[in-house]
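One structure below.
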Amino acid sequence: LATDTNPVQRSRAAEAIGEFMDVNGLAALAESVTRDVDARVREASVVAIARINAPSGNMLITAALADADVGVRRAAVSAVLRVNFFRGYDSLVPLLADTDATVRRSAARAIGELRVAGAEATLAAVLRGDTDRLVRQAAAWALGRIGGAAARTALAEATGETDSLVRDAIDIARLMR
C-alpha cells in the first residue's frame, strides 16, 4: 500500500487490509486515505477503514468526508452508518451542499439516522431549494426523524412542494415521532 507505484495494486492492498479487519492496518490506511494521489486508493482505504470498524478510524472517515473526489466522499458518507462510535456529526452538515446529489442524499439520510440536532435549518433549506427530488425527499425524512419544534416548523412550511414523491415524504415525516 505504501510503496507500490501501481494505483490498482495499492487499491487492492487497501482492500486486503480491510478484509483482515485488523486494527494494526489503520496506520497504513491513514497514510493512504490522507496522502495518496490516486482517488481510487483513497476510496478503497475509506472502505477498508469502515470494515475494520475501530473507533480510531472514525477521524479518518471524517477527514474523507471533505475529500476533493466525489467517489471518496460517497464512500465516506456511506461508511458513517456502518461504523460504531462515529461522532463527527458536524462534518456531515456541509455535505448537504455538495455538488453531487448522491452525496447530498446520503448525508441527509445519515443526519436523520443519527438524529443530528442543529441540522434542522440546513435540512429545511435543502427541502425548500434542492434541485434533486430524491435529495428533498431525504431531507424531509431526516427532519421527521430528528423531530422537535424546528423540524416540525420546517415541514409545516414546505407547502410549495410540487413533486408528489416529496409531498408524500413530507406528510410521512410529519407523522414521525
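For this structure, a couple of remarks:
- Under 13 Å, Cβ to Cβ, from ILE61 - net charge with Lys/Arg +1 and Asp/Glu -1: +4
- For the chain, with all protein chains in place and a probe radius of 1.4 Å, 53% of the accessible heavy-atom surface sits on carbon or sulfur.
- Relative to the longest principal axis of the Cα atoms of the chain, helix 39-52 runs at roughly 80 degrees.
- Computed lengthening from ALA101 to VAL70, 0.36 nm per intervening residue step minus Cα-Cα distance: 10.1 nm
- Over the chain, relative contact order from alpha-carbon pairs under 8 Å, at least 6 apart, %: 13 percent
- About the centre of its Cα atoms, the chain shows a dipole size close to 460 debye [charges on the beta carbon of Lys, Arg (+1) and Asp, Glu (-1) only; nearest 20 debye].
- Estimated from the Cβ-Cβ distance and a Förster radius of 41 angstrom, the FRET efficiency linking ARG177 and VAL8 is about 0.25.
- Against the chain, whose longest principal axis comes from its Cα atoms, helix 120-129 is set at around 80 degrees.
- With contacts taken as Cα pairs under 8 Å at a separation of at least 6 residues, region 67-108 carries a relative contact order of 42 percent.
- Neighbours of GLY147, meaning other residues whose beta-carbon lies under 14 angstrom from its beta-carbon, give a summed charge of +3 when Lys and Arg score +1 and Asp and Glu score -1.
- Given (i) 1.51; (ii) 1.13; (iii) 1.05, the label whose value is Cα Rg over 2.2 N^0.38 Å derived from this model: (ii)
- The simple Förster model, with R0 at 25 Å and r as the Cβ-Cβ distance, assigns SER56 and ALA16 a FRET efficiency of 0.80.
- Label-point separation, LEU81 to ASN24 (7 Å along Cα→Cβ), nm: 3.4 nm
- On a per residue basis, the chain carries 50 Å² of accessible surface, using protein heavy atoms and a 1.4 Å probe.
- Options ALA150, LEU123, ALA140, ranked by Cα towards positive dipole end of region 115-177, top entry (Cβ charges): ALA150
The values are calculated or read from the model by the stated rules, or taken from the named source; none is laboratory data. Bear in mind that the values here come from a model prediction, so they are computed numbers and not experimental data. So basically every Cβ, Gly included, is an ideal-geometry build from the backbone, and we count neighbours across all protein chains shown. These accessible areas exclude ligands, DNA and RNA; they are computed on the full protein's heavy atoms, side chains included. Shrake-Rupley method; radii C 1.70, N 1.55, O 1.52, S 1.80 Å.
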